[in-house]
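K.L.:
Below are the structure tokens for one structure; questions will follow.
Read-outs throughout are calculated quantities, based only on the coordinates presented, and are distinct from any laboratory measurement. Small disclaimer: the values here were computed from a predicted structure and weren't measured. Cβ sites come from the backbone with ideal geometry, for glycine too, and all protein chains shown count toward neighbours.
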Ligand SMILES: Nc1ncnc2c1ncn2[C@@H]1O[C@H](COP(=O)(O)OP(=O)(O)O)[C@@H](O)[C@H]1O
Ligand code: SF4
Ligand SMILES: [Mg+2]
């Protein structure tokens, strides 16, 4: 087990290296260098920058040098903990991201827990009671859940709450807590607000995971070891909970590998609609204003979250399934 | 000792076993036919495709024509009964509220706007070949105020016509993107599954890497880097390519898995032994056997693309106006203010949901029919 | 019912209701099992052997269903207890579960697939004990370790902690045998216990089963598609084809005096030392018809050398005695036919 985890951990820097290159390419993708567009933007808004400052910026980012030098300068600054400055906000990027990153992770984890708590019973019931009313009901629920873009769910709920109760359900905090420092009261306030984005974000995933679980369970339910357990005289409910669930849950856990990144990045859209203080809307804004260093950092952050998510799901999977543990160690 | 057939079944009666001799596609079709919901979905999909091919025919107004005096008109119901079968809509009249200065639209209970089927309206192009002005639904008197089945948007454009034209763009983007990603997926998945070994290893790692990348930020970043000066067509192609670039991995996995199974099957082994070239084996023998699986996987991939296009355009990073897609239309409903003012702006979302559900059920039905024991 | 008989199956019918049609997997099977007797069921794969025993155990799953017949079983071993019909019990009910695994135990065809890959051997063995005995985990573990020793597994304590896929095929089957024996069953059902393992191990497992059966005077149903194996272990043989019993009788009669053309064909296809290489192996001509499309008349007629036109393809023969121990379903011996439905 330890060997397995160590192996995975060793892969981490390699992945992050690849991803940092991808992020850097994304930063470089827009035509023209960003200092030029920044100067143009400043000019458009009526202010300007003197030549010395411009040169200093060009030097800092190595804009006159080949791409790999620029990448090297960028990544080494990041490794030293200097994420740079957002030109759009005129603030250090670390300051912009810090709090939002925390909220993104909290929202992501809350969604994940919600998804599993709902998807597991639904999957089990629909598989063991195949073709029952429940099964059909959840099948419909699943199709609708998968088909509704998350922002539609957000919009509809927002509109519903507004037109029926006159309340606005945006943000993650009540106004009085938005800028307050962390306290117990603020955490409570967060808990009061987080459930809606959590449900909206989790709906799609819940539908998908419940379907995956149902299909896997149905597969497992016909396996010879189920027959054997029945032949041993095991009660049916015990049977389902002990054997197939243990096995059917594996694909579910490995689906964490893609599901976690999906939650994190999916929250981007919901966050935009619901105006949540997570990193999603910040990425969108930075992309639209071509604040590419901010955008690149956020994309890299998303990659980081995804890599950590995959790592966690791998470890969990190995812990659950002895075969994987053995094979990889 | 059971299946070796040394002597023919000399005594078997004429009505031989139809099931065991039916060709594969026929079997698939039989099983599919039994799946009622999938059949219905298939019909809905065909309908949607027809709309996508001839959006102009079903439209009532030029989708780009804006009327400054007709913004945010709520949907108007078409009436079919007026002491006997009829076809008309009640006229809608706008009054400016003297206090709020907002336009308020009131449906008249007496004034009718007569409609007719296959009447004349604005000119539209049939598949880019020729022009006509025949529409499914048209005003009897061209001077009557237009009827807006799904209301109008901020600029007074007819949403019904816009949703129909959006169908064309959204569906074709979905199809094209899936087509692209299918080709990449089949080629790479096929290579991976057929040859195995280190090639397989390499492609699998690549797929894993791509799959562990959160797609949305990449899409956003890529689309954001497209020059804003690009034309609608350029943007369309670029967005299609971007969508395809990230989604081929799922299909490639599917194809590889199938190949791994097929590689061991008798007829492939037989073909190998008889000296067929490898390419020939792959494309003559293996790909056709998989086609029903691929069709199912593709059908299931299209809705994913449609939703993703909607996401991108909704966020302002996909297609940009004047292009009309469902995502572009939904951009009008981006915040609470507009939704509270004109909830019907969310209706293009219903088009998305119906289409995606129909395609998903159809795809599931096809998959079950292709592989009943999975 | 003869007091020695502990299981008596009468006219058992099990069907699978599939989209493509109804498969009559077991179609009117009857046979008896006595105390200390080994009954071998033989037939080509797909002829309904496994479904027969699943029906006995009440573990046929949808879309399958036992639709007819009786399964008389004598619960207590004193010979006076009236037999009960297992079909009257609820398959998922307490009494049936108390019989399954406790009194009637199963050794499955593929030990690999019958063991959960994510639970240890010990976990699954202990569970088998604790389902029927009110003992602590430790006590259960001790019982299991003792049984594992009896079936010839070395280092049983250690083996309790391993997973099924870490064991060899032979060991896995020994684990299954130990698991079947942990509760001291009266009737052991072995479903092709030697099919999934290599030849040398096969012989060992057969010897083990025979020894255990003799020592404990177990009643046993032994299923195989291999007549050669039957000869080594069974006292009495039931020959099945397409869900029906073609012939049954004591092992010597079946081997030396087969009456049914199908039995003869099966016997002819047993590889012997003299038959040389595999290629020369005589096989039964023709293939098994699809179960949905079973021909009208005698199920064997499309492949039968003794086929009587106008009779075998129109009427279905039913088993009728040819001696006091042996019965055959074939028009060459008796005109007894099933009434047409
Ligand atoms: N789960 C099932 N679903 C459908 N048909 C089945 C199923 N199990 C068995 N059958 C049918 O029952 C017949 C007998 O199967 P089985 O008893 O497993 O054969 P065997 O003699 O090889 O053990 C098969 O040919 C098949 O038609
Ligand atoms: S009944 Fe006829 S077909 Fe059947 S085994 Fe006897 S001779 Fe052959
Ligand atoms: Mg069997």
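K.L.:
Label-point separation (nm) for residue B:54 and residue B:100, each offset 7 Å from Cα along Cα-to-Cβ?
P.N.:
Each label point lies 7 Å from its Cα, and together they span 4.2 nm.
K.L.:
Binning every alpha carbon pair distance of the range B:176-218 at 5 Å from zero, what are the percents per bin?
P.N.:
6, 22, 21, 25, 18, 7, 2
K.L.:
Let me ask you something else. Based on the Cα coordinates of the range A:81-172, what is the per residue volume of their convex hull in Å³?
P.N.:
Working: hull volume 14.7 nm³, N = 92.
Considering the Cα atoms of the range A:81-172, their hull volume per residue is 160 Å³.
K.L.:
Taking only the C-alpha atoms, wrap a convex hull around the range A:248-329 and report its volume per residue in Å³ as a whole number. Let's see the in-between values first.
P.N.:
Values: hull volume 7.7 nm³, N = 82.
Hull volume over Cα atoms, normalised by residue count, gives 94 Å³.
K.L.:
Can you give me the pair-distance distribution of the range C:1-152, C-alpha pairs, 5 Å bins, whole percents?
P.N.:
2, 8, 14, 18, 19, 16, 13, 7, 3, 1, 0
K.L.:
Fewest to most neighbouring Cβ within 10 Å: what's the order for C:183, C:330, C:298?
P.N.:
On the way: C:183 19, C:330 25, C:298 29.
In order of increasing Cβ crowding within 10 Å: C:183, C:330, C:298.
K.L.:
For the range B:220-234 and the range C:88-149, compute the distance between their C-alpha centroids and round to whole Å.
P.N.:
Using only Cα atoms, the two centres lie 65 Å from each other.
K.L.:
In whole angstrom, how far apart do the alpha carbon centroids of the range A:240-318 and the range C:8-69 sit?
P.N.:
52
K.L.:
Hey, what angle do you get for helix C:137-150 against the long axis of chain C, alpha-carbon based, 0 to 90 degrees rounded to 10?
P.N.:
60
K.L.:
Given the -39500 (n - 2.57) contribution per DSSP H run of 4+ residues, what per-residue ellipticity at 222 nm results for chain A, rounded to the nearest 500 deg cm²/dmol? Provide the component values of the computation, followed by the final result.
P.N.:
On the way: 15 runs with 263 residues, N = 329.
Value at 222 nm, helices only, nearest 500: -27000 deg cm²/dmol.
K.L.:
Just to be sure I follow: if Rg is taken over the C-alpha atoms of the range C:111-184 and Rh is the Kirkwood radius over the same atoms, what is Rg/Rh? Could the numbers behind the result be given before it?
P.N.:
Values: Rg = 10.9 Å, Rh = 11.8 Å.
Taking Rg over the Kirkwood Rh, I get 0.92.
K.L.:
Tell me, what are the semi-axes, in whole angstrom and largest first, of the equivalent ellipsoid of the range B:76-147 as set by the roots of 5 times the Cα gyration tensor eigenvalues?
P.N.:
Details: eigenvalues 165, 71, 14 Å².
Output for the range B:76-147: semi-axes of 29, 19, 8 Å.
K.L.:
Next up: Restricting attention to the alpha-carbon atoms of the protein assembly as shown, what are Rg (one decimal) and Dmax (integer), both in Å?
P.N.:
In order Rg, Dmax, the Cα atoms of the protein assembly as shown give 35.8, 116 Å.
K.L.:
When you have a sec, figure out the Kirkwood radius of chain A from all distinct Cα pair distances and drop it here in Å to one decimal? It would help to have the intermediate numbers written out before the result.
P.N.:
Numbers: mean 1/r = 0.0439 Å⁻¹.
For chain A, the Kirkwood estimate is 22.8 Å.
K.L.:
When the expected Rg is taken as 2.2 N^0.38 Å, what fraction or multiple of it is the alpha-carbon Rg of the range A:100-287?
P.N.:
Values: Rg = 19.5 Å, N = 188, 2.2 N^0.38 = 16.1 Å.
After normalising by residue count via 2.2 N^0.38 Å, the value is 1.21.
K.L.:
Let me ask something else. Treat the count of other C-beta atoms within 10 Å as a stand-in for reagent exposure and order A:24, C:17, B:314 from fewest to most.
P.N.:
Details: A:24 21, C:17 12, B:314 28.
Fewest-to-most Cβ neighbours within 10 Å comes out as C:17, A:24, B:314.
K.L.:
A further question follows. Percent relative contact order of chain A, based on C-alpha pairs within less than 8 angstrom and at least six residues apart?
P.N.:
On the way: 315 pairs, mean separation 88.3, N = 329.
Value for chain A: 27 percent.
K.L.:
Relative to the longest principal axis of the C-alpha atoms of chain C, give the angle of the C-alpha long axis of helix C:199-216, reported between 0 and 90° and rounded to the nearest 10°.
P.N.:
Between the helix axis and the principal axis of chain C, the angle is about 80 degrees.
K.L.:
Report the Cα centroid-to-centroid distance between the range A:80-127 and the range B:315-374 in angstrom, as an integer.
P.N.:
Centre-to-centre (Cα) distance: 25 Å.
K.L.:
While we're looking at this one, here's another question. Can you sort B:167, B:100 from fewest to most other Cβ atoms within 10 Å of each residue's own Cβ? Could the numbers behind the result be given before it?
P.N.:
Details: B:167 25, B:100 8.
So the residues, fewest neighbours to most, are B:100, B:167.
K.L.:
Determine the gain in length on full extension of the stretch residue A:73-residue A:56; use 0.36 nm per residue of separation and subtract their C-alpha separation, reporting nm with one decimal.
P.N.:
On the way: separation 17, 0.36 × 17 = 6.12 nm, distance 1.42 nm.
Fully extending the segment from residue A:73 to residue A:56 adds 4.7 nm.
K.L.:
Let me have the relative contact order for the range B:76-147, percent, based on Cα pairs under 8 Å that are six or more residues apart.
P.N.:
On the way: 122 pairs, mean separation 17.7, N = 72.
That works out to 25 percent.
K.L.:
Moving to a separate point now. Taking the 0 to 90 degree range and rounding to the nearest ten, how far is the long axis of helix A:34-44 tilted relative to the main principal axis of chain A, both from C-alpha atoms?
P.N.:
The angle comes out near 70 degrees.
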